[in-house]
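Peer 1: Below you'll find the structure I mean.
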Amino acid sequence: MKNFIKSALILTILTTLVACGPKEDKQASDPSSEIASKVALETSESATAGHTEDESPTTSNKDTASMETTGKGADYSVFTDISAEEVQRFAEAVKTDVIASDWADLSEKISYPITIGTNTFDSADEFTAFDLDSLLTEDYKAAIAGTDTTALFANYQGAMLGERGEMWIAEVLDDSLTSLGLKVIAINIAE
């Protein structure tokens with residue numbers, strides 16, 4: 001209900017801004033008005049899509065800022081200040097570890113704790129002591145192997161490996177907001 005009210009308030013403000021904007025020739029259009037109208041429409045649609053007044057809204061693709069990147073000109077600034085080349089190099093190293101089942105090497109690239117299925121690992125030692133081949137199957141490895149690390153999908157959460165988000169990497173910060181570098185932040189398996 002709160003999200004609905006918030007969305008309605010935003011829609012009202014944006015509509016007022018568009019309506020009270022500068023008067024121009026009817027044939028010329030103001031790009032900022034068009035953008036405000038689109039944002040208002042998307043906000044309204046996302047606020048009412050998939051729920052009733054008593055339910056929480058379902059997440060739609062419009063609710064998440066996302067982008068696709070390609071090649072050397074990739075821009076991962078939506079989630080890190082680290083260069084695109086370094087992000088792609090790290091993704092390639094992670095991909096290589098998974099394909100080779102080099103769990104010891106992969107364990108050093110993970111941000112802990114991490115949960116895979118119903119198993120939570122608090123350290124690299126716990127991660128490598130587990131029978132990871134039972135979790136990260138050949139199908140999982142094939143999904144990671146199919147990732148083009150020069151064209152990673154990225155959003156505010158990080159960069160995705162695999163077509164269905166099998167693995168996510170991102171820059172991790174400590175409690176004082178100092179960068180710990182790139183880490184694997186999620187390993188998702190089909191259950």
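Every number in this text was worked out from the coordinates using simple rules, so none of it is lab data. Just so we're clear, the structure is a prediction, and the values are computed from it rather than from any experiment. Cβ placement follows ideal geometry from the backbone for every residue including glycine, while neighbour counts extend to all protein chains displayed.
Peer 1: Using the structure shown, decide if Lys109 is under 16 Å from Lys183 (Cβ atoms), among the basic types (Lys, Arg) and out of contact with any strand residue (DSSP E or B) (no Cβ under 6 Å at 6 or more places or on another chain).
Peer 2: No, not satisfied.
Peer 1: Show the residue pairs that are 6+ apart or on different chains and have beta-carbon atoms under 6 Å apart, the first residue being within the range 165-182 and farther than 21 Å from Glu85 by Cα, the second being part of a strand (DSSP E or B).
Peer 2: Asp174/Leu180
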